[in-house]
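Reviewing the structure listed below.
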Amino acid sequence: MKKLIGLVGTLFFVMLIATGCGRGTMVHNVDNSSYIESKNITMAQVEQAITKGAIRKGWTTKKIKTGLLESKVNVRGKHFVMVNIAYNTKGYKITYKDSQNMNYNAENNTIHKNYNKWIGNLERNINYELSLLK
């Protein structure tokens with residue numbers, strides 16, 4: 001009987017892990033709101049650095065207003081992601097806005113695992129461009 005209970009428990013654990021893997025990962029929003037240390041950087045310079053960093057990884061950007069960019073990427077013509085990038089002279093934030101074919105679940109705030117990789121690459125490239133301003 002103990003072996004049967006142990007076997008059922010093990011099977012339940014394996015099923016729990018197997019079903020959890022298909023749910024995606026938590027959406028990663030970047031908060032680098034205090035990334036810039038220099039006091040002599042303008043909003044235009046920050047905007048330009050963000051745009052250059054995005055273009056370097058295949059993202060396009062559109063200025064919504066001063067302090068807010070919308071950035072998009074279409075990967076292999078199959079996966080589409082759109083984010084907002086709010087910025088000022090102290091730093092920036094990247095937040096999820098929309099996607100297609102990325103299994104986004106608003107209720108659980110989960111998405112395809114590649115989303116966070118693409119956001120991480122975008123963040124690194126923006127940071128690189130901002131570092132050139134210092």
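Okay, here's what the table says:
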| read-out | value |
| --- | --- |
| Cβ-Cβ under 6 Å pairs, at least 6 apart or on other chains, the stretch 57-83 side without any contact (Cβ under 8 Å) to a residue 40 or more places away in the chain, far side of a type in the set (Asp, Glu) | Lys62/Glu70; Ile64/Glu70; Met82/Asp98 |
| Residue identified as under 15 Å from Leu130 (Cβ atoms) and either of a type in the set (Asp, Glu) or within 14 Å of the chain's Cα centre (by Cα) (or both) among Val46, Val73, Val83, Val30 | Val30 |
| Candidate set: the stretch 94-134, residues that are hydrophobic (A, V, I, L, M, F, W, C) and in a loop (DSSP other than H, G, I, E, B); chosen: the one surrounded by the most Cβ atoms within 10 Å (Cβ to Cβ) | Met102 |
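We did not get these values from a lab; they are worked out from the coordinates using the rules stated. All values reported here derive from a predicted model rather than from experimental measurement. All Cβ positions, even for glycine, are placed from backbone atoms using ideal geometry, and neighbour counts span all protein chains on display.
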